[in-house]
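Since the structure comes first, as structure tokens, the remarks are kept for the end.
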Number of protein chains: 2
Amino acid sequence: MQKNITLAHGNGGQENNELIEKIFYKYFKNDILEKSEDSALLNIESSQITFSTDSFTVSPLFFPGGDIGKLSICGTCNDLAMMGAKPKYLTCSFMIEEGMSLRELEKIVRSMKKELEINEAKIVSGDTKVVPKGSVDKLFINTSGIGEVLYSGISAHNLVEDMAIVVSRDIGAHGAVIFASREGISLDSNLTTDSASLYPQVKALFDANLEIKALRDATRGGVAAVLNEWAKASNICIEIEEEAVPVRHEVKGICELLGFEALNLANEGTFVLALPKEQAEQALEVLKKSNPNAQIIGKVTNQYPQKVILNSSWGTKRFLDMPSGELLPRIC
Amino acid sequence: MQKNITLAHGNGGQENNELIEKIFYKYFKNDILEKSEDSALLNIESSQITFSTDSFTVSPLFFPGGDIGKLSICGTCNDLAMMGAKPKYLTCSFMIEEGMSLRELEKIVRSMKKELEINEAKIVSGDTKVVPKGSVDKLFINTSGIGEVLYSGISAHNLVEDMAIVVSRDIGAHGAVIFASREGISLDSNLTTDSASLYPQVKALFDANLEIKALRDATRGGVAAVLNEWAKASNICIEIEEEAVPVRHEVKGICELLGFEALNLANEGTFVLALPKEQAEQALEVLKKSNPNAQIIGKVTNQYPQKVILNSSWGTKRFLDMPSGELLPRIC
């Protein structure tokens with residue numbers, strides 16, 4: 001096999017099949033994928049499923065703590081987990097630029113396999129396109145997924161006064177790492193992306209019998225986008241204690257450079273949850289087993305319906321708006 | 001709203017939501033999509049479903065008889081239909097180049113809506129990425145779909161001696177049209193892509209109680225790729241009567257220009273089926289209601305297992321191999 005992807009690898013014929021066999025089947029092989037023809041046949045046990053899609057266009061393809069492959073599995077599995085579902089079946093589609101190194105592609109596929117194992121999920125169908133040089137920047141990946149709903153009743157519409165708002169770890173790491181990698185900024189620290197599969201943490205929360213009312217991973221638009229969506233959907237106010245929001249100092253540094261709020265930075269393995277305040281400490285205890293930086297950051301009030309307020313330690317208040325403008329493109 | 005896509009339209013924040021509301025929801029709106037958060041919640045009635053994905057990178061975006069939007073819905077719905085399933089739920093993901101015209105995007109989304117209606121399928125979840133100029137050529141679309149299996153037992157492994165091989169219409173129109181559009185060749189004819197949703201035809205075949213054993217739309221790699229896969233999977237020989245293969249003269253002309261077999265050209269709304277030879281005429285009758293060029297093109301034999309043979313009207317024979325080499329990139 002050649003060392004680089006050629007247009008023939010996307011021809012629907014011989015070379016295409018060779019690429020599928022030698023790279024994709026090698027890592028993704030399972031009983032369903034083997035029998036898959038134009039589409040995969042699945043036997044569904046649960047009557048309620050979740051279905052989600054995400055395309056990944058991140059640049060660079062490799063960054064501290066992850067790569068586009070890891071991101072592509074975490075992203076879709078997390079979207080399923082955030083609806084209380086166990087990620088089960090994924091499709092993946094590769095859009096590859098002619099000339100891409102096969103060694104790099106294989107490294108990315110290997111990351112995908114590793115992350116699939118954490119979720120106990122399977123790739124059941126796929127697609128490969130190769131486009132001429134210049135038609136795409138190296139590689140885009142789409143993953144779509146089906147999850148079986150284990151815990152129902154989670155929704156952005158569920159928030160009511162007095163609930164606590166909790167984040168699962170320190171925020172903004174992914175945005176900061178991608179920006180630094182792209183701009184060649186050496187971080188002089190061990191800061192890595194937060195990219196991670198969240199199903200195990202979601203399961204632990206539900207296994208502890210916590211009444212999680214809303215759950216969302218804070219991807220593009222960051223924690224600020226999640227909180228604003230919730231405030232609007234539930235017609236309540238969310239008040240955040242600025243000092244309680246966990247942000248690593250390296251991320252704060254990048255934010256100053258960018259002129260961004262850490263609350264607007266993208267995360268790929270960090271989630272926000274809302275639950276009755278009496279259960280907040282218990283939720284924290286569960287989350288801290290995965291990351292010691294989990295924190296209660298605020299509460300639901302009726303002060304300014306549909307708004308998010310940041311309370312500073314100096315006693316001042318300001319609105320935290322829905323992010324707007326360019327932010328960072330190609331973050332995921 | 002601006003006239004062109006900006007990076008802000010992919011920020012996960014305010015402008016992103018505006019694009020979703022004004023373009024995507026406008027055309028795709030339905031009860032499930034409205035309630036969709038990180039993923040869509042679906043109630044599944046059938047215990048067996050099919051799941052498929054396809055990314056569309058076609059160039060140009062618009063061509064005689066279709067556009068990337070039509071292709072993106074037909075492609076995934078057809079992959080589901082070819083497994084005997086009713087297309088039900090789709091996700092779509094747009095990867096858009098900064099600067100793309102919103103009017104063109106809307107035109108594409110409108111084509112998608114029209115084709116969804118033919119399939120009686122719904123978009124239930126989506127994703128939008130905007131990448132800086134030069135990172136992708138205008139627009140890629142991924143669609144993934146779930147179908148409910150109505151007719152089971154279709155497989156490439158089912159072919160046995162004496163079955164008939166039927167094509168649903170004349171072949172190669174899509175490949176020929178894309179090639180001509182891209183190269184600026186004026187066809188001086190009304191040749192259009194064959195791109196079409198095939199579920200209605202599949203349903204008609206099954207409603208006629210025909211025992212369809214194998215079914216496949218002849219996309220990249222064309223009819224030649226399908227026949228070779230079947231011959232291999234079922235360990236039989238397929239013999240094709242070259243003269244019986246329906247090819248329009250404009251397509252033949254393009255083939256001569258390209259030095260290609262029409263049997264290798266991509267189709268986007270043409271399928272091949274295998275069934276007991278006694279039922280071939282009845283199948284033809286059903287198919288001719290959609291297209292008068294449907295044809296019985298060959299049969300399954302044991303002459304050269306795993307091979308496809310082309311019999312010419314002069315009495316000569318040659319192997320029709322699995323396509324290889326570059327063929328036409330960005331055909332779908």
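The values are calculated or read from the model by the stated rules, or taken from the named source; none is laboratory data. None of these values were measured; they are calculated from a predicted model. FYI the Cβ positions are ideal-geometry reconstructions off the backbone, even for glycines, and counts take in every protein chain you see.
Contact list please: Cβ distance under 7 Å, first residue in segment A:34-45 and over 7 Å from B:Phe51 (Cα atoms) and within 7 Å of chain B (Cβ to nearest Cβ), second residue surrounded by 12 or more Cβ atoms within 10 Å (Cβ to Cβ) and of a type in the set (Phe, Trp, Tyr), pairs at least six apart or on different chains. That search, which allows pairs on different chains as well, returns A:Leu42/A:Tyr89; A:Leu42/B:Phe51.
Counting only residues that are among the β-branched types (Val, Ile, Thr) and over 26 Å from A:Ser135 (Cα atoms), which one in segment B:94-139 is farthest from the other protein chains (Cβ to nearest Cβ)?
Restricting attention to segment B:94-139, the residues satisfying the condition of being among the β-branched types (Val, Ile, Thr) are B:96, B:108-109, B:118, B:123-124, B:128, B:130-131, B:136.
Those left that are additionally over 26 Å from A:Ser135 (Cα atoms): B:118, B:123-124.
Details: B:Ile118: 18, B:Ile123: 10, B:Val124: 6 Å.
Looking at the filtered set, the residue picked out is B:Ile118.
Regarding segment B:77-93, can at least one residue be identified that is among the basic types (Lys, Arg), outside any helix (DSSP H, G or I) and either more than 7 Å from chain A (Cβ to nearest Cβ) or under 21 Å from A:Ser55 (Cβ atoms) (or both)?
Scanning segment B:77-93, I find at least one residue that is among the basic types (Lys, Arg), outside any helix (DSSP H, G or I) and either more than 7 Å from chain A (Cβ to nearest Cβ) or under 21 Å from A:Ser55 (Cβ atoms) (or both), so the answer is yes.
Scanning segment B:126-180 for residues that are closer than 22 Å to B:Leu90 by Cβ and of a type in the set (S, T, N, Q) gives B:Thr128, B:Asn142, B:Thr143, B:Ser144, B:Ser152. Just to verify a result, which residue in segment B:162-191, among those that are among the acidic types (Asp, Glu) and outside any helix (DSSP H, G or I), is surrounded by the fewest Cβ atoms within 10 Å (Cβ to Cβ)? Out of the qualifying residues, it is B:Asp188. Kindly check whether there is at least one residue in segment A:146-160 that is within 16 Å of the chain's Cα centre (by Cα), in a strand (DSSP E or B) and either farther than 16 Å from A:Asn267 by Cα or not β-branched (Val, Ile, Thr) (or both). Scanning segment A:146-160 turns up at least one residue that is within 16 Å of the chain's Cα centre (by Cα), in a strand (DSSP E or B) and either farther than 16 Å from A:Asn267 by Cα or not β-branched (Val, Ile, Thr) (or both).
When you look at A:Lys70, is it away from every other protein chain (no Cβ under 12 Å) and farther than 28 Å from B:Ile44 by Cβ, yes or no? When the stated conditions are applied, A:Lys70 passes them.
Per-residue answers, yes or no, for (1) away from chain A (no Cβ under 11 Å); (2) of a type in the set (Lys, Arg); (3) touching a His at 6+ places or on another chain (Cβ under 9 Å):
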{"position": "B:Val149", "(1), (2), (3)": "no, no, no"}
{"position": "B:Leu159", "(1), (2), (3)": "yes, no, no"}
{"position": "B:Arg169", "(1), (2), (3)": "yes, yes, no"}
{"position": "B:Gly172", "(1), (2), (3)": "yes, no, no"}
{"position": "B:Asn190", "(1), (2), (3)": "yes, no, no"}
{"position": "B:Gln201", "(1), (2), (3)": "yes, no, no"}
{"position": "B:Ala204", "(1), (2), (3)": "yes, no, no"}
{"position": "B:Arg216", "(1), (2), (3)": "no, yes, no"}
{"position": "B:Thr219", "(1), (2), (3)": "no, no, yes"}
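With respect to the conditions (1) facing another protein chain (nearest Cβ under 8 Å); (2) assigned to a helix (DSSP H, G or I); (3) in contact with a Cys (Cβ under 9 Å, 6 or more places away or on another chain); (4) not small (Gly, Ala, Ser), A:Asn16 lacks only one, and its number is (3). None of A:Ile32, A:Ile68 is in contact with a helix residue (DSSP H, G or I) (Cβ under 7 Å, 6 or more places away or on another chain) and modelled with pLDDT of 95 or more except A:Ile68.
The set of residues in segment A:207-225 being over 13 Å from the mean Cα position of the chain (by Cα) and closer than 25 Å to A:Val247 by Cα consists of A:Ile212, A:Lys213, A:Ala214, A:Ala224, A:Ala225. Consider segment A:126-142 and keep the residues that are farther than 18 Å from B:Ile331 by Cα and charged (D, E, K, R). The one that is surrounded by the fewest Cβ atoms within 10 Å (Cβ to Cβ) is A:Asp137.
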